[in-house]
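What follows is one structure encoded as structure tokens, with my remarks underneath.
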Amino acid sequence: MSAENVYRIPPFQYIHVLDNNSNVTRLEVGPATFIRKEHETVVNGPNDMIRLPPRHYCIIKNPVITDEKGVPQKTTFGQVRNKHGDIQVRHHADYTEPFALYPGETLKGKVEKYRIIQQNQAIKLAANRDFIDDNKVPRNSGDEWLLQGPLTYQPRIEEDVVQVISAEVNKPNQAIRLRAKKNCKDANNIPRKTGEEWLIREVGSYLPQIDEEIIEHIKGTVITDRKALKLRALKTFKDVYGIERKAGEEWIIDSKITQLHIKDVHEEVVGEVKATTLNNRQYCVVLDPFDTKTRTNKWGSRQLRKGEVTFFLQPGESLEDGKVKNIEVLTEDEALLLQAIEDVTDAMSKKPRKAGEQWLILGPCEYIPPVEVRIVDRRKKIPLDENEGIYVRNKKTGEVRMETGKTYLLEAHEELWEKELPETVEFLIAQQKVGQPYVPPKFDAKGNLVYESAEVKGYKRDKTRVVTYRAPSNSAVQLYDYKAKESRVVFGPSLVLLGPDEQFTLISLSGGLPKRENVIQSLNLFLGPDFMNDVIDVETSDHARLRIQLSYNWQFRFDKTNKDDYEKIFSIKDFIGDACKSVASRVRGAVSSVTFDDFHKKRKDLIQLAVFGAKPDGSPREELIFKTNNLIITNVDVQNPEPIDPKMKESLFKSQSLNIDITTRTQEMNARHRAQRQAQESQGELEIQKYNDLSRAEEAKKELLLLKADTDAIKAKGEAVSVAKARVESELIEVEAEVKQAELKAEALKIESDAEISARKKEYDAEATHVKALNDLEITKAKEMAEIESKKFTELVSAIGKETIVSMARAGPETQAKLLKGLGLKGFLISDGKNPINLFNTANGILGGMNQSN
């Protein structure tokens, strides 16, 4: 029999055996020894039986069919019958002993403990088939119900556990929002429709019913004196305070109604409303105020509220300008510009005002505008110096005037007017304000003049202020009044105040070399005297083309008391360009009538005659007068004449170089002759001076030798005396030093001897003390060792005993004697064969022993 066919089944185990002949599977349980036959197969096991502890259960799939006594039913073939597709719940009460699974049965899941449903808990069950429960209540398939705790739930095959529901704790200031899943009655026996929602506000635990579901926990909002809650109705309903609310209606819940509000299911929180507080120095205007009687807003109305008061803005209400306003406090130099929105009687002056009318309220005072009045502007008196001013426009007539040199307050029908200036004038004024009276223009890529009239950094003109311009000394500024159609001229140094209808006369002058138009732009015209330069091209009668630079001295000459006379200086727009063109024309005419050599020799006289003209005696006049603008040229200077033709310029350069070379050589030869003459004269004077110096040197040498002899004698005498004194003092010092040295050596030797004696004495004392201590220790050690040995020997003798010692002493010789006697020997000697034996000593020992015995 093979060991593979033997199955030893322990207690509480089982196997399933298949009979291959009949195809029937049977159960074999332990303890047993099962011998498998050839036609049998063990298809399962050995497996442990299922044990159900107290208060436990398990679920068996495909359970066997049993009779009333619990015996499994079998088919005609001997196979147990199963409920295929069904399950069976087996409890500890029915199966206190371990049980085996029959063929076809399987354990679903694992052995589980009964579910404990605590207080404030419930288990939700669903029927999976029609049956009658333990309370005789018929249940249909799909029904759901609750079993509330505390209890121990024992599963049944007819019902499924959906979930365990715990009671929700409703804390203070909270509510539970519920929804009905179908038509039902709630915990308060109130009928509810499917989808209907409601709140549970009672504090404590709440266990939802089977047809209820919890949507959320709603926390209450604390209402304070500084905070209110703004709500909106989602549908028409009656709120918790018994007030009917219509769909879309908004309202405020403040601390006067409740200290805590929990949002209802038909309410929507729009937001929190902060309290608006006004102190005794504040007020506000409420737009569209709320009427508490009709519970509607007065749309389009305005309501004034003054402090001290605290209130909440009702739905639809808002603050004008969105803020609380302070009472308007006016000082004595301030005023308020008011405008009536509708007909009203002014509370300050008691005068009736029409709608749209404007008036001023002067300070000092406090003012709160009523709802019928609007504050247009807050005005302040403007202090003006003599050199300051403002432009004021009358809104009724449109007239603009200038106010200067006083403190001015705008009337109700007046406003500040902004004066615009041309861009170039604006730029020139800004340049003077920042300390740059003249900025030359730049040239673009095409060579055109470009004036950068951008805003100057650090300066921005107040257009309502009177435009001022500082006219420099010895200058004139022309102003034109377009309203009066007349001009005026201001001479510097002076401050120009520009009237509301006046504009500056912009002066554009030629500049550069040669002169080009509009290079210089300015608001003031300098009167001179000054100078200007120009470069012109001329041609002589022999067709030599030259370029010459002319410099003119000029000035304006006029009578400041005669307006017609001094206004002539502005009659020509560009007096520099006009004067330069006129003078250049005269110069070209004069040069064209002479040859190059004549012009080169007499150019100054020629040009002065051409410019100023000739007197009756033929000499040039002193000045050239332009009567159109009273310009006078007093002098002309010719600079840098040079040919325009390159070849002629080169020939002229060579001629000038040759003249310069000849002049240089002449001057050089004259200088050399003068230098040689001066050198010979200096040589003679030097020889005379040399002889005189030699004579004086010999006399000085003689005096020096006499002084040197006297000095050597004094020096020798002094050296002898000092050497003798030094030698005596040196010897005296050496003797004293030797004596002092001997004394110090003797003292040092004494100190050294004393120290050595003291050290040796201390060394000997220490050595003697050490030796004595060692000897004492050796003596003590010897005594203690002797005592120990004595004590040890005494204790050893006591322990062994006298008889034992005697026996030990006798044991050796007696044993040897017996051994020798047994061998028949009277003596023996043992050797290892490597070391020699001294037989003489041995013999002596033997003889000695014999003698002792004898």
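Among 236-242, 475-481, sorting by the average number of other beta carbon atoms lying within 10 angstrom of each residue, highest first, gives 475-481, 236-242.
What separates the Cα centres of the stretch 517-588 and the stretch 350-414 is a distance of 53 Å.
Peptides 326-332, 209-215 ranked from most to least packed, by the mean per-residue count of other Cβ atoms within 10 Å: 209-215, 326-332.
For the set Tyr391, Tyr566, Tyr95, solvent exposure ranked by accessible area (probe 1.4 Å, protein chains only) runs largest to smallest as Tyr95, Tyr566, Tyr391.
Computed from the Cβ-Cβ distance with R0 of 60 Å, the FRET efficiency linking Met348 to Asn518 stands at 0.50. The stretch 766-810 and the stretch 474-495 have Cα centres spaced 145 Å apart. Taking a straight line from the alpha carbon of Lys772, these lysines sit under 30 Å away, with near neighbours fewer than eight places off in the same chain left out: Lys761, Lys762, Lys781, Lys783, Lys791, Lys792. Taking all protein chains together and rolling a 1.4 Å probe, Asp637 ends up with roughly 70 Å² accessible. Applying both filters, DSSP loop and at most 11 other Cβ atoms within 10 Å, to the trypsin sites (Lys or Arg not before Pro) of the stretch 317-358 gives Lys323, Lys350, Lys354. Restricting attention to the stretch 60-146, lysine pairs at least eight places apart or on different chains and with alpha-carbon atoms under 14 angstrom apart total 4. Relative to the longest principal axis of the Cα atoms of the chain, helix 423-433 runs at roughly 80 degrees. Taking 14 Å as the straight-line reach from the Cα of Lys563, the aspartates and glutamates in range (excluding those fewer than 8 positions away in the same chain) are Glu486. Placing dummy labels 7 Å off each Cα toward the beta-carbon, the span from Val434 to Ile341 is 4.6 nm.
For Lys381, the lysines whose Cα comes closer than 22 Å to its Cα, not counting residues fewer than 8 places off in the same chain, are Lys395, Lys396, Lys406, Lys419, Lys463. Spacing of the modelled spin labels on Asp481 and Arg461, each 7 Å from Cα toward Cβ, amounts to 2.0 nm.
Over the stretch 1-109, accessible surface divided per residue gives 61 Å², non-protein components excluded, 1.4 Å probe.
Checked against a 21 Å cut-off, the cross-linked pairs Lys227/Lys256; Lys171/Lys219; Lys185/Lys246 give Cα-Cα distances beyond that limit for Lys185/Lys246. Calculated mean residue ellipticity at 222 nm for the chain: -10500 deg cm²/dmol, from DSSP H runs with n ≥ 4 weighted as -39500 (n - 2.57), summed, divided by the residue count and rounded to 500. Just the number, please: Stokes-Einstein D of the chain in µm²/s, Kirkwood Rh from C-alpha pairs, 20 °C, 1.002 mPa s. Answer, rounded: 42 µm²/s. For the chain, take the longest principal axis of its alpha carbons; what is the angle in degrees between that and the long axis of helix 839-853, to the nearest 10 within 0 to 90? That works out to roughly 50 degrees. The stretch 58-110 and the stretch 179-239 have Cα centres lying 50 Å from one another. Working from Cα pairs under 8 Å separated by at least six residues, relative contact order for the chain is 4 percent. Taking other residues whose beta carbon is less than 9 angstrom from the beta carbon of Glu272, and scoring Lys, Arg as +1 and Asp, Glu as -1, yields +3. Model label sites at Glu250 and Lys235, defined 7 Å from Cα along the beta-carbon direction, differ in position by 2.3 nm.
Using Cα pairs under 8 angstrom and six or more residues apart, how large is the relative contact order of the stretch 81-190, in percent? The normalised contact order for the stretch 81-190 reaches 26 percent. For the chain, the Cβ-based charge dipole about the Cα centre amounts to some 2280 debye (Lys, Arg positive; Asp, Glu negative; other atoms uncharged).
Round to the nearest 0.05 the FRET efficiency obtained for Asn140 and Lys69 when R0 = 51 Å and r is the Cβ-Cβ distance. Computed FRET efficiency for Asn140 and Lys69: 0.95. If the segment from Ala679 to Ile327 were pulled out straight at 0.36 nm per residue, it would be longer than the present Cα-Cα gap by 116.1 nm. Solvent-accessible area per residue in the stretch 241-332 equals 57 Å², computed with a 1.4 angstrom probe and all protein chains kept.
For Val42, the residues 5 or more places off, or on other chains, whose built amide H falls under 5 Å of its own are Leu18. Rounded to the nearest 10 degrees, the inclination of helix 596-612 to the longest alpha-carbon principal axis of the chain is 80 degrees. Electrostatic bookkeeping for Ala748 treats Lys and Arg as +1 and Asp and Glu as -1; over the other residues with beta carbon under 15 Å from its beta carbon, the sum is -2.
Applying 1/(1 + (r/R0)^6) with R0 = 35 Å to the Cβ-Cβ distance of Lys298 and Val203 gives a FRET efficiency near 0.25. Expressed as a whole percent, the accessible surface of the stretch 212-360 that belongs to carbon and sulfur atoms is 47, based on a 1.4 Å probe. Sorting Thr41, Thr96 on solvent-accessible area from highest to lowest, probe radius 1.4 Å, gives Thr96, Thr41. Give me the net charge of Gly316's neighbourhood, meaning all other residues with Cβ under 9 Å from the Cβ of Gly316; Lys, Arg count +1, Asp, Glu -1. Net of charged neighbours comes to -3.
The values are calculated or read from the model by the stated rules, or taken from the named source; none is laboratory data. Fair warning: this is a prediction, and the values are worked out from it, not measured in the lab. Neighbour counts run over all protein chains shown; Cβ positions are idealised from the backbone, glycine included. Remember, those area values only see protein heavy atoms, side chains included, never the ligands or the DNA or RNA. Shrake-Rupley method; radii C 1.70, N 1.55, O 1.52, S 1.80 Å.
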